[in-house]
Amino acid sequence: MPGGWASDVRIDVDGDGTIAEITPDSATRAGVHLAGPVVPGMPDIHSHAFQRAFAGRAERAHGGTDTFWTWRRAMYDVANRVDPDDMEAIATQLYVDLLRNGFTSVVEFHYVHHQPDGTPYANRAELGERILAAASASGIGLTLLPVLYRWSDFGEAAPREEQRRFINDLDGYVALFDALVSHAATAGARLGIAPHSLRAVSPRDLADILALRAERDATMPVHLHIAEVVGEVERAREVLGARPVEWLVTNAAVDETWCAVHAVHLTEGESQALAKSGAVVALCPSTEGNLGDGVFDWPAYHRAGGHAGIGTDSHVGLDPAEELRWLEYDQRLRDQRRTVGSSPHDLYVACARDGGVASGRPIGALAPGMRADLVVLDPDHSALAGGDVETIVDRWIIAGNGCVRDVYVGGKAVITQGTHPDATSIRRRYQKTMKHLWDR
Ligand SMILES: [Zn+2]
């Protein structure tokens, strides 16, 4: 609970899946008995679902010349072969895997919009609707961010051939966004906007998309990739005359509805300015490690009072415990000391709460008014044996793989004893898609 562990807690959930009341030390034994320690579900605040189909397939060294950019070329090849059925099958399997590990919601940063030749589908929102369908089939909570992607680099450089499925002008983007509104509402998903990055969206485009947001819903989440790799920081200095985060906090009204994805390369001043803005940083430690992006300076940002959540981005990792362990160990390895924040437990609580803010949905804590997104840990897991309640989450994150037993989203059981009810049919469909994509 927000104040720490409590016992014999009764959680009353209303008809639409929201926590109505939460009562510690309750004598009542009626209702569903949760069979282990319960923690708030973790929001996954950065996902490109289709990239799961590519995870672990770009790990062969090419003479030491592999970088983020060579990885991206290979990833585009997959992006250009995924059809709508593939998109739905990959996302559904991914979301079940995320649920199984304790992620109860996902923010989908969705940028593949068009047919492989770049023309829009007859239904402009075809692929976005497949993401909505995948979330519904899996039972995960969803914030869907249709992405505005216009240029291949700073200075409005023309998009490249391999980016044609991503590209919209502002009119195209408005049509896409509006086509998703009613479908998202039906699916219970939150919509937000995502100017892809300061590379793919110019200052003028950013102003346009923010004006659209002001018109449609001024509280919608705004997410963008920023300062992931050093080359991007250098190009921003050349073209915009400032480092990316420095430019953003100076030129946009950044507040707690904003999410800066990665923000790995910050000066002390940028770190403080970002913290002061109230924005949430989306840290994706396993992907950032896989791509060799660099290490986010958590102690500096934490000291400045900064907010952060975790994302699984390219989906080489699918587990909140693994992401937080990586975040913790990256800092320890760099600084050659131990616990860098206060504890893995506190890191979990903060990333759940702030991740909820970045998702734009009432999630990330156990309290009245929040969705009943609950993770029940397995009391029979060896890492959780023995007393000392205070260290349960530390033990899960640092020493326990596979500690999640049951998962509830909006009060509904979606994982029971480690299993999703439709696991077999979802897996078969996914295997068929992977055959289609890779058996060439
Ligand atoms: Zn990303």
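So which of Val357, Val349 is modelled with pLDDT of 95 or more and either buried (at least 21 other Cβ atoms within 10 Å of the Cβ) or within 15 Å of the ligand (Cβ to nearest atom) (or both)?
Criteria check complete, one pass: Val357.
Select from region 267-293 the residues that are within 14 Å of the ligand (Cβ to nearest atom) and closer than 18 Å to Ser359 by Cβ and list them in ascending order.
Listed by number, the residues that qualify are Val281, Ala282, Leu283, Cys284.
Can you tell me which of Asp97, Asp77 is at pLDDT below 95, in a helix (DSSP H, G or I) and open to solvent by 10 Å² or more (accessible area, probe 1.4 Å)?
Asp77
Considering only region 37-67, state which residues are small (Gly, Ala, Ser) and touching a helix residue (DSSP H, G or I) at 6+ places or on another chain (Cβ under 8 Å).
Across region 37-67, the qualifying residues are Gly41, Ser47, Ala49, Ala53, Ala58.
Can you find, within region 212-224, the residue that is surrounded by the fewest Cβ atoms within 10 Å (Cβ to Cβ) among those that are touching a residue at least 60 places away in the same chain (Cβ under 8 Å) and within 16 Å of the ligand (Cβ to nearest atom)?
Here the answer is Pro221.
Is at least one residue of region 294-307 within 16 Å of the ligand (Cβ to nearest atom), under 24 Å from Val222 (Cβ atoms), open to solvent by 10 Å² or more (accessible area, probe 1.4 Å) and not in a loop (DSSP other than H, G, I, E, B)?
No, region 294-307 contains no residue that is within 16 Å of the ligand (Cβ to nearest atom), under 24 Å from Val222 (Cβ atoms), open to solvent by 10 Å² or more (accessible area, probe 1.4 Å) and not in a loop (DSSP other than H, G, I, E, B).
Being closer than 30 Å to Leu132 by Cα, out of contact with any Phe, Trp or Tyr (no Cβ under 6 Å at 6 or more places or on another chain), within 16 Å of the ligand (Cβ to nearest atom) and not hydrophobic (A, V, I, L, M, F, W, C) is the requirement here; does Glu228 meet it?
In short, yes.
Kindly list, by first and then second residue, each pair from a residue in region 103-127 that is part of a loop (DSSP other than H, G, I, E, B) to a residue that is open to solvent by 10 Å² or more (accessible area, probe 1.4 Å) and modelled with pLDDT under 95, limited to pairs with Cβ atoms under 8 Å and residues at least 6 apart or on different chains.
Once the first residue is part of a loop (DSSP other than H, G, I, E, B) and sits in region 103-127, its partners that are open to solvent by 10 Å² or more (accessible area, probe 1.4 Å) and modelled with pLDDT under 95 give Pro116/Asn80; Pro116/Arg81.
Regarding Arg199, is this residue in contact with an Asp or Glu (Cβ under 7 Å, 6 or more places away or on another chain), among the charged types (D, E, K, R) and modelled with pLDDT of 95 or more? It would help to see each step written out before you state the result.
Details: in contact with an Asp or Glu (Cβ under 7 Å, 6 or more places away or on another chain): yes; among the charged types (D, E, K, R): yes; modelled with pLDDT of 95 or more: yes.
Taking the combined requirement at face value, the residue satisfies it.
I'm trying to understand the selection: among the residues of region 385-417, which are in a loop (DSSP other than H, G, I, E, B) and open to solvent by less than 20 Å² (accessible area, probe 1.4 Å)?
Gly400, Cys403, Gly410 - these are the residues of region 385-417 that are in a loop (DSSP other than H, G, I, E, B) and open to solvent by less than 20 Å² (accessible area, probe 1.4 Å).
Residue pairs, Cβ under 6 Å, 6 or more apart or interchain, first in region 149-162 and within 14 Å of Leu206 (Cβ to Cβ), second open to solvent by 40 Å² or more (accessible area, probe 1.4 Å) and of a type in the set (D, E, K, R). List them.
What qualifies is Phe154/Arg235.
Taking Val181 as the residue in question, decide whether it is open to solvent by 50 Å² or more (accessible area, probe 1.4 Å), at pLDDT 95 or above, in contact with a strand residue (DSSP E or B) (Cβ under 7 Å, 6 or more places away or on another chain) and assigned to a helix (DSSP H, G or I). Even if it seems obvious, please write down each step before you answer.
Working: open to solvent by 50 Å² or more (accessible area, probe 1.4 Å): yes; at pLDDT 95 or above: yes; in contact with a strand residue (DSSP E or B) (Cβ under 7 Å, 6 or more places away or on another chain): yes; assigned to a helix (DSSP H, G or I): yes.
Yes: the conditions hold for Val181.
What's the total number of residues in region 200-211 that are touching a residue at least 40 places away in the same chain (Cβ under 8 Å) and open to solvent by 20 Å² or more (accessible area, probe 1.4 Å)?
Result for region 200-211: 2.
Restricting attention to region 308-326, report how many residues are open to solvent by 10 Å² or more (accessible area, probe 1.4 Å) and part of a helix (DSSP H, G or I).
Result for region 308-326: 3.
Determine which member of the set Arg164, Arg130, Arg160, Arg150 is of a type in the set (Lys, Arg) and either within 20 Å of the chain's Cα centre (by Cα) or open to solvent by less than 50 Å² (accessible area, probe 1.4 Å) (or both).
Arg130
Residues checked against (1) within 16 Å of the ligand (Cβ to nearest atom); (2) among the small types (Gly, Ala, Ser); (3) closer than 23 Å to Ala413 by Cβ; (4) in contact with a Pro (Cβ under 6 Å, 6 or more places away or on another chain):
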residue: Val13; (1), (2), (3), (4): no, no, yes, no
residue: Gly36; (1), (2), (3), (4): no, yes, yes, yes
residue: Gly41; (1), (2), (3), (4): no, yes, yes, no
residue: Arg52; (1), (2), (3), (4): yes, no, no, no
residue: Thr65; (1), (2), (3), (4): no, no, no, no
residue: Pro84; (1), (2), (3), (4): no, no, no, no
residue: Val106; (1), (2), (3), (4): yes, no, yes, no
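Restricting to region 242-257, name every residue that is open to solvent by 10 Å² or more (accessible area, probe 1.4 Å) and either in a helix (DSSP H, G or I) or within 16 Å of the ligand (Cβ to nearest atom) (or both).
Glu246, Trp247, Val249, Thr250, Asn251
Working only within region 389-440, note down all residues that are at positive phi and under 24 Å from the mean Cα position of the chain (by Cα).
Residues satisfying the conditions are Gly402, Gly410, Gly411, Gly418.
Can you find, within region 364-382, the residue that is nearest to Ser342 (Cα to Cα) among those that are open to solvent by less than 20 Å² (accessible area, probe 1.4 Å) and outside any strand (DSSP E or B)?
Checked region 364-382; the qualifying residue nearest to Ser342 (Cα to Cα) is Gly364.
List the residue pairs whose Cβ atoms are under 7 Å apart, where the first residue sits in region 296-321 and is under 20 Å from Asp255 (Cβ atoms), the second is part of a helix (DSSP H, G or I) and within 16 Å of the ligand (Cβ to nearest atom), and the two are 6 or more positions apart or on different chains.
Gly309/Gly355; Gly309/Ala358
The values are calculated or read from the model by the stated rules, or taken from the named source; none is laboratory data. Note that the coordinates shown come from a computational prediction; the quantities given were computed from them, not determined experimentally. Quick reminder, even Gly has a Cβ in these numbers, built from the backbone with ideal geometry, and neighbours come from all protein chains shown. Areas reflect the complete protein model, heavy atoms only, side chains present, ligands, DNA and RNA absent. Shrake-Rupley method; radii C 1.70, N 1.55, O 1.52, S 1.80 Å.
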